[in-house]
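The values are calculated or read from the model by the stated rules, or taken from the named source; none is laboratory data. Since we're looking at a predicted model, the values are computed, not measured. All Cβ positions, even for glycine, are placed from backbone atoms using ideal geometry, and neighbour counts span all protein chains on display.
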């Protein structure tokens, strides 16, 4: 299973939110690049990098942090947050971003997302589905929609979609465990998709259980920053 530590950025700083609430923000480090280097020094290979300013604004904002992490580490970065245009996709891939998370565009402009997968390769994209219950939220979780998760995934499964990250907003930042049932249901319905679990990881045991149910990857954020999981423990998963 791919272990993917997370860095969320607001105003160039490394932060975490609780249940996607921008009013419940905690700054963990003034320098996200320093945090990325710590992950790399712990022999981790991947990074989930989210531009929360970009998600809120609807365009990528924290370009400097993206460039600095790409220049100063060898981490394989999946990036998300406000990607709305082909120009942004091109620039991110040019900078060496490994994969791009697409959320709002996939919901509001599905043909555009399908076009990006065809033009740039589906392996370069992750469908990012943030859900409350099984309904999808967009724009940094600020906007609820009537779209059901399984309907959204079905739209793209026949167009080469390979990767999906599903964040259960109810569990995110709560440190009370992931929504295992949701991932099992998704894996049963879409057995060929590489499913990445996000939200709620609170312990090494949670990661072991995610590995047991055979998700492709797991994103870990607050549990690292709050000391519930030590970086050296992640090597044993």
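Below are the figures for this structure:
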{"item": "Total residues in the stretch 202-237, condition within 16 Å of residue 183 (Cβ to Cβ), assigned to a helix (DSSP H, G or I) and in contact (Cβ under 8 Å) with a residue 24 or more places away in the chain", "result": "6"}
{"item": "Within the stretch 71-170, strands (runs of 3 or more DSSP E) holding 3 or more residues that are free of Cβ contacts under 8 Å to residues at least 40 places away in the same chain", "result": "76-80, 125-132, 135-138, 143-148, 163-168"}
{"item": "Residue within the stretch 124-138 that is touching a helix residue (DSSP H, G or I) at 6+ places or on another chain (Cβ under 8 Å), at pLDDT 95 or above and surrounded by fewer than 21 Cβ atoms within 10 Å (Cβ to Cβ) present", "result": "yes"}
{"item": "Of all residues making up the stretch 172-184, the number that are touching a residue at least 12 places away in the same chain (Cβ under 8 Å) and out of contact with any strand residue (DSSP E or B) (no Cβ under 8 Å at 6 or more places or on another chain)", "result": "5"}
{"item": "Extreme residue, surrounded by the most Cβ atoms within 10 Å (Cβ to Cβ), among residues of the stretch 209-230 that are over 19 Å from residue 174 (Cβ atoms) and more than 19 Å from the chain's Cα centre (by Cα)", "result": "213"}
{"item": "In the stretch 139-161, residue modelled with the highest pLDDT [restricted to those that are under 18 Å from residue 22 (Cα atoms) and surrounded by fewer than 21 Cβ atoms within 10 Å (Cβ to Cβ)]", "result": "144"}
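Yes/no matrix, rows are residues, columns are (1) closer than 30 Å to residue 120 by Cβ; (2) at pLDDT below 95:
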{"position": "163", "(1), (2)": "yes, no"}
{"position": "170", "(1), (2)": "no, yes"}
{"position": "180", "(1), (2)": "no, no"}
{"position": "212", "(1), (2)": "no, no"}
{"position": "220", "(1), (2)": "yes, no"}
